[in-house]
1. Tally time: how many residues in the stretch 133-172 are touching a residue at least 12 places away in the same chain (Cβ under 8 Å) and within 26 Å of Pro190 (Cα to Cα)?
2. Condition test on Asp119, is it among the acidic types (Asp, Glu), over 21 Å from the mean Cα position of the chain (by Cα) and farther than 30 Å from Asp179 by Cα?
3. Within the stretch 76-92, restricting attention to residues that are over 11 Å from Ile102 (Cβ atoms) and among the aliphatic types (A, V, I, L, M), which residue is nearest to ligand 1 (Cβ to nearest atom)?
4. What number of residues in the stretch 5-36 are among the charged types (D, E, K, R), part of a strand (DSSP E or B) and open to solvent by less than 10 Å² (accessible area, probe 1.4 Å)?
5. Would you kindly identify the helices (runs of 4 or more DSSP H) lying entirely within the stretch 99-187 that contain at least 1 residues that are assigned by TED's automatic domain parsing to the domain that holds Trp37, in contact with a strand residue (DSSP E or B) (Cβ under 8 Å, 6 or more places away or on another chain) and not aliphatic (A, V, I, L, M)?
6. Using the structure shown, decide if Lys142 is over 17 Å from the mean Cα position of the chain (by Cα) and closer than 25 Å to Asn201 by Cα.
7. Evaluate the following for Thr217: is it of a type outside the set (Gly, Ala, Ser) and free of Cβ contacts under 8 Å to residues at least 12 places away in the same chain?
8. Can you name every residue in the stretch 199-241 that is of a type in the set (Gly, Ala, Ser) and either open to solvent by 50 Å² or more (accessible area, probe 1.4 Å) or not in a loop (DSSP other than H, G, I, E, B) (or both)?
Amino acid sequence: MSSVAGLVFNIQRFSVHDGPGIRTTVFMKGCGLNCRWCSNPESQKRETEIMISNAKCDLCGDCALVCPRNIIKINSKLQINRTACDLCLTCINSCPRAALAIVGRRQNTDEVVAEVVKDELLYVNSNGGVTISGGEPLLQWKFVLDLLARCKQKGFHTALDTSGYGDSTALCNLLEYTDLVLYDIKHTDPRKHVEGTGKSNSRIITNLRLAANKRRTWIRVPVIPGYNDDRGNLETLALLARETGVEKVSLLPYHMFGVNKYAQLGRRYGLKIKPPEQASMLSLKRIIEDFDIKVTVGY
Ligand code: SF4
Ligand code: SF4
């Protein structure tokens, strides 16, 4: 099998939130949605980026001196003209405080498999395996297909964590080598879906039916206060879960762990809301449970 290249932004070992047991999660870079609450903004663009840690940077100016394009400016904080950057990485290598980091590397499936096999024994002992997440795996489906096929060849349990916003044929191909689908639903209403993510959910709902028809599927809902936590949305979601026969719905409370990453990428974070209280998560859980659907708060 010849190796396939893809843009990966992280390989996380010992993951316990992305399917059963202890897993290795491979995060693909690039996503077709633009969720306003995204906690992994470094996953969104399908290109390599530089992240700046203002906490580590002491404004020494070494990086600005070596940049061949002269596009690093230092005032009260460091700024890079990202559109003019050719990612030569000279600045990253010159920083004495490791304040600059690259996110997103082209890797081939041979390299990624070499990484995931390191925890083979853990997968066996914990009923874990390998999860492909993102970003959106469907956007790099040829890479993901090869990776999943190689994992299955080694006997690993495989999970696909997807927003469903991608090509249906690509999804069908990936399902051949997928044991479990973790399927994100942000909103059941197409207009509200556009409001929160920039795209309609029609393709996502179609693909959910496709996935759930073929493979064990868990729906995952990021609960965003004031956006998708109303009774109407949750009841429609419960009906969809019942119709498609998914095993469970996981309600994942909004959190702010990713907010600082926006500044590190030179972007602004637009949401001004607080994480939901535990009591309110439990009442949302009961709304869906009333439809005889298994629901968890958290993973
Ligand atoms: S990666 Fe190269 S071009 Fe881009 S800011 Fe750093 S030194 Fe300049
Ligand atoms: S070299 Fe590193 S510490 Fe110095 S200004 Fe650049 S990013 Fe900041």
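The values are calculated or read from the model by the stated rules, or taken from the named source; none is laboratory data. Keep in mind it's a predicted model, so treat the numbers as computed, not measured. FYI the Cβ positions are ideal-geometry reconstructions off the backbone, even for glycines, and counts take in every protein chain you see. Just the protein is used for accessible areas: all its heavy atoms, side chains included, with ligands, DNA and RNA removed. Shrake-Rupley method; radii C 1.70, N 1.55, O 1.52, S 1.80 Å.
1. 21
2. In short, no.
3. Top of the filtered list is Ile80.
4. Here the count works out to 1.
5. Answer list for the stretch 99-187: 109-116, 120-126, 141-153.
6. yes
7. So Thr217 does not fit the description; no.
8. Ser202, Ala211, Ala212, Gly226, Gly232, Ala238, Ala241
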